[in-house]
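Structure, as structure tokens:
The values are calculated or read from the model by the stated rules, or taken from the named source; none is laboratory data. Since this is a predicted model, take the numbers as computed values, not measurements. Cβ: placed from backbone, ideal geometry, glycine included. Neighbour counts: every protein chain shown. What goes into the accessible areas is simple: the full protein's heavy atoms, side chains included, and nothing from ligands, DNA or RNA. Shrake-Rupley method; radii C 1.70, N 1.55, O 1.52, S 1.80 Å.
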Amino acid sequence: MKIDRVETFLVPPRWLFCRISTDEGVVGWGEPVVEGRAEVVRAAVDVLAEYLVGEDPLRVEHHWQVLTKGGFYRGGPVLSSAVAGLDQALWDIAGKAYGAPVHALLGGPVRDRVRVYAWVGGDDPAEIAEAVAAHVEAGMTAVKMNASGRLAPVPTLADVDDVVRRLAAAREVLGPHRDVALDLHGRATYPAARLILPAVAGLHPLLVEEPLVPEHGHRLAELVACAPVPVATGERLYGRADFLPALQAGVSVVQPDPSHAGGISEVRRIAALAETHGALLAPHCPLGPISLAASLQVALATPNFLIQEQSIGIHYNGGTELLDYLVDPAPLRIVDGHIARLDAPGLGIDVDEEAVRRADRTGHAWRNPVWRQDDGSFAEW
């Protein structure tokens, strides 16, 4: 079997899909994207595809090594995301060729279902209680919310109180037997994070995500030492070498994205590295159905898995939903806060190729907001 074509599709609301076809008719799908830079990743996929066409798709690990190391300049979000989507598609082909789900090729499932959480509150959290209540009514056992909107370099007492108040509103609805995760989204400076993390500890967040931007990772150990809550990070880290310092700093949860951090091949290795440090895996995935399916395949085979992000109803989607590009949405349906084990060959989903090609004719040019402080200076989004 040989790869004969690699295609990419700009799919609203902000996704990029890739399709690898073979001369024997076996097709694999992946999701290589950097949100807000999809067109750039598309170009990178085109360049990497020059190597793949004509190759045996079942040499997944060999191709990962060549795609990541075959260029003198390596890594970074664009190249790692391009490799990630191609890697997902190759695993999809491998599973279909062998007649098995990807998690079976990774050693078999260690669980029968995967716990997921829902997003509430948007970029500038509001009406939290009502949104959480709707998810509880739908059977969800966990939610995640942004801690705040724009944050000052050193937040005022009122700013910190607002974070606590919104988290308390979620906790009141959830009660003691459900979970809430808090995302600082890299919006906090080190002094801001030092103020916020102790303030929210009494509300028992499942985790506090990305309290610092990746550039300030050298401060993580100090922050973890004074943080009475589980610290999580990793959506903007792209390989094992990036995660090692964070794990050595003592983070409790790693959050690699299977569409950014080298795909299924690298995320499973990051999970194993985390396990040796006593840390848990909670893959980042505010993206489309292919990325989620890839995440679920890793989660099903990973002993130290904690919880899975998914994008149904997320504020970025804007009228297009996670399940819109599937022939049958049943495999990704959430029941009682969980997605059941995917047992179909490959990634376990059937992508609606006609819908994808139709969406690509419209495409998108999604960009993240650029925020300003009150004095006009740049603020982290």
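Could you tell me which numbered condition residue 176 fails, if it satisfies all but one of (1) in a loop (DSSP other than H, G, I, E, B); (2) over 18 Å from residue 315 (Cβ atoms); (3) under 24 Å from the mean Cα position of the chain (by Cα)? For residue 176, the failing item is (3). In the range 101-149, the qualifying residues are those that are small (Gly, Ala, Ser) and touching an Asp or Glu at 6+ places or on another chain (Cβ under 6 Å), and the one that is most open to solvent (accessible area, probe 1.4 Å) is 139. Per the listing 141, 156, the residue uniquely more than 20 Å from residue 235 (Cβ to Cβ), touching a residue at least 60 places away in the same chain (Cβ under 8 Å) and hydroxyl-bearing (Ser, Thr, Tyr) is 141.
Just one of 265, 259 is touching a helix residue (DSSP H, G or I) at 6+ places or on another chain (Cβ under 9 Å), within 18 Å of residue 102 (Cα to Cα) and in a helix (DSSP H, G or I); which is it?
265
I'd like the full set of residues that are free of Cβ contacts under 8 Å to residues at least 60 places away in the same chain and among the aromatic types (Phe, Trp, Tyr), limited to the range 230-255. Listed by number, the list holds a single entry, 243.
Looking at the structure I just gave you, is residue 271 of a type in the set (Gly, Ala, Ser), open to solvent by 40 Å² or more (accessible area, probe 1.4 Å) and in a helix (DSSP H, G or I)?
No: the conditions fail for residue 271.
Residues in the range 39-66 that are open to solvent by 20 Å² or more (accessible area, probe 1.4 Å) and either of a type in the set (A, V, I, L, M) or part of a strand (DSSP E or B) (or both): 40, 43, 47, 48, 53, 58, 66.
When 228, 256, 245 are screened for being farther than 18 Å from residue 162 by Cα, within 23 Å of the chain's Cα centre (by Cα) and surrounded by fewer than 21 Cβ atoms within 10 Å (Cβ to Cβ), only 245 passes.
Just to be sure before I move on: is residue 181 out of contact with any helix residue (DSSP H, G or I) (no Cβ under 9 Å at 6 or more places or on another chain), modelled with pLDDT of 95 or more and not in a helix (DSSP H, G or I) in the structure I sent? Yes, satisfied. Looking across the range 338-381, the residues that are at positive phi and more than 20 Å from the chain's Cα centre (by Cα) come down to 363, 376. Applying the condition of being open to solvent by 20 Å² or more (accessible area, probe 1.4 Å) and in contact (Cβ under 8 Å) with a residue 24 or more places away in the chain to the range 14-38 and asking which residue is nearest to residue 98 (Cα to Cα) yields 26.
Yes/no per residue for (1) in contact with a Pro (Cβ under 9 Å, 6 or more places away or on another chain); (2) modelled with pLDDT of 95 or more; (3) of a type in the set (D, E, K, R):
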residue: 1; (1), (2), (3): yes, yes, no
residue: 24; (1), (2), (3): no, yes, yes
residue: 27; (1), (2), (3): no, yes, no
residue: 30; (1), (2), (3): no, yes, no
residue: 53; (1), (2), (3): no, yes, no
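Restricting attention to the range 179-189, does a residue exist that is open to solvent by 10 Å² or more (accessible area, probe 1.4 Å) and over 26 Å from the mean Cα position of the chain (by Cα)? No, the range 179-189 contains no residue that is open to solvent by 10 Å² or more (accessible area, probe 1.4 Å) and over 26 Å from the mean Cα position of the chain (by Cα). Of all residues in the range 301-333, those being open to solvent by 30 Å² or more (accessible area, probe 1.4 Å), within 17 Å of the chain's Cα centre (by Cα) and either at pLDDT 95 or above or among the charged types (D, E, K, R) (or both) number 2.
In the range 352-374, how many residues are outside any loop (DSSP other than H, G, I, E, B) and open to solvent by 100 Å² or more (accessible area, probe 1.4 Å)?
So the answer is 5.
None of 162, 112 is at pLDDT 95 or above, among the acidic types (Asp, Glu) and within 24 Å of the chain's Cα centre (by Cα) except 112.
Condition check: buried (at least 19 other Cβ atoms within 10 Å of the Cβ) and touching a residue at least 60 places away in the same chain (Cβ under 8 Å). Does residue 348 satisfy that? Yes, satisfied.
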